Amino acid sequence: GIYVCAKCGHELFSSHAKYEHSSPWPAFTETVHEDSVSKRKERPGALKVSCGKCGNGLGHEFLNDGPKRGQSRF
């Protein structure tokens, strides 16, 4: 399935990019589209992530914390 923004319905993540992680929230390795999200640096190793269409806050992208070396976790 496709995960969409709760505020505007913009496509964000695919269930194909979802994986199990120790966090209590769903974890994804990539977005559906290049413009699915917008990002801004918040602190070292983490970017603040918002919906690419309406700006609704979605959490963070944690750099180099994905299931494979060099992958990020949304």
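The values are calculated or read from the model by the stated rules, or taken from the named source; none is laboratory data. Computed from a predicted structure; not experimentally measured. Because the Cβ atoms are built from the backbone with ideal geometry, glycine has one as well, and the counts that use them run over all protein chains shown. These area figures cover heavy atoms from the full protein model, side chains too; ligands, DNA and RNA do not enter into them. Shrake-Rupley method; radii C 1.70, N 1.55, O 1.52, S 1.80 Å.
Structure notes:
- Segment residue 41-residue 23, extension gain: residue separation times 0.36 nm, minus the distance between their alpha carbons: 4.4 nm
- ³J(HN,Hα), Karplus 6.51/-1.76/1.60, whole Hz, each residue of the range 10-27, x for Gly, Pro: 5, 5, 10, 9, 9, 4, 5, 9, 7, 8, 6, 9, 6, 6, x, 9, x, 10
- Other-chain or far-sequence residues with amide H under 5 Å of residue 52's (modelled H): 37, 38
- Computed from the Cβ-Cβ distance with R0 of 22 Å, the FRET efficiency linking residue 64 to residue 16 stands at 0.55.
- Fraction of accessible area attributable to carbon and sulfur, the chain (%, probe 1.4 Å): 48
- Rounded to the nearest 20, the Cβ-based charge dipole of the chain about its Cα centre (Lys and Arg +1, Asp and Glu -1) stands at 240 debye.
- For the chain, the solvent-accessible area works out to 67 Å² per residue, with a probe of 1.4 Å and every protein chain left in place.
- Quotient of Cα Rg and 2.2 N^0.38 Å for the chain, N being how many residues it contains: 1.02
- For the chain, lysine pairs with C-alpha atoms less than 20 angstrom apart, excluding pairs fewer than eight positions apart on the same chain, total 9.
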